[in-house]
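The values are calculated or read from the model by the stated rules, or taken from the named source; none is laboratory data. Source: prediction; values computed, not measured. Cβ sites come from the backbone with ideal geometry, for glycine too, and all protein chains shown count toward neighbours. Protein only, heavy atoms only, side chains kept; ligands, DNA and RNA dropped before computing areas. Shrake-Rupley method; radii C 1.70, N 1.55, O 1.52, S 1.80 Å.
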Amino acid sequence: GTVSSCISTGNALGVFLSNSYENRFIGFQIFGNTGSDGGMYLYASPRNSFESSYIYSNTYTGVTLMLSHYNVFIGNFVQRNGVTGINNLGSNHNIYSNNFINDNSQTTNGTREDIYMATSGGIHSSYNIITENIFSTTLANKVDYMIYEDGAAQDYNIIKNNNFLPAGTAGTFFKSGVNDKVSGNIGYVTESSGTAGSIALGVTHEHITHG
């Protein structure tokens, strides 16, 4: 079903889904929630859509996906949360597109990420698509990285056409998966970029190593 225009504030946890699927959430405002599970928490909840929502200024994490696959986040604002913007834990085949994800890690400067991907319950965070998002750091406390893959098992992700500037305290994207497809991002050297020196006389081409 479709749920729209709800406000959750001042709770231990803003929105919680457990084994819930095929829902559409539009126009939520989730802010000022104080519990350790943060603004929105999905547990074993696949095939949901989250659109045009504001998830901001929660004491801990903005959004957590735990063992939740095939979800779509599009056109949301995930901002100024105390810890991580989005925890993608043991969750794969999710899409994050056209979101504003910025100024998270407000509790402590340079310690958390806008999007953090890690293994949970033996399941890796792979085959996710992160594209056309705007990341930035505009406040005194900043994330360390915009996107962080915790270990090489987080692999086969597509990170494409994002804006990563201004960068976090340690950089923009911490890439671990060797089979990731990364291209077209502003603020990160990708597989579609490279440099070549001079070409020797009589040589008609030169191989350019990308990445």
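Figure legend. Inter-residue proximity from the range 155-177: first residues on the phi > 0 side of the Ramachandran plot and open to solvent by less than 60 Å² (accessible area, probe 1.4 Å), second residues of a type in the set (Phe, Trp, Tyr) and not in a strand (DSSP E or B), beta-carbon distance below 9 Å, spacing 6+ or different chains. Indicated pairs: 171/164; 171/188. If you check residue 104 against the conditions, is it modelled with pLDDT of 95 or more and either under 25 Å from residue 51 (Cβ atoms) or assigned to a strand (DSSP E or B) (or both)? In short, yes. Total residues in the range 178-211 satisfying the condition of being at pLDDT below 95 and crowded, with 16+ Cβ neighbours inside 10 Å: the figure is 3. Within the range 21-76, being open to solvent by 50 Å² or more (accessible area, probe 1.4 Å) and either modelled with pLDDT under 95 or among the basic types (Lys, Arg) (or both) holds for 24, 36, 37, 47. Within the range 1-25, residues that are touching a residue at least 40 places away in the same chain (Cβ under 8 Å) sit with their Cβ atoms under 8 Å from residues that are β-branched (Val, Ile, Thr), at 6+ positions apart or across chains, in these pairs: 14/30; 14/55.
For the range 120-154, the set of residues classified as in contact with a Lys or Arg (Cβ under 9 Å, 6 or more places away or on another chain), under 18 Å from residue 71 (Cα atoms) and open to solvent by 40 Å² or more (accessible area, probe 1.4 Å) consists of 129, 132, listed by residue number. Is it the case that the range 135-142 has a residue that's modelled with pLDDT of 95 or more, in contact with a Ser or Thr (Cβ under 7 Å, 6 or more places away or on another chain) and in a loop (DSSP other than H, G, I, E, B)? Yes, the range 135-142 contains a residue that is modelled with pLDDT of 95 or more, in contact with a Ser or Thr (Cβ under 7 Å, 6 or more places away or on another chain) and in a loop (DSSP other than H, G, I, E, B).
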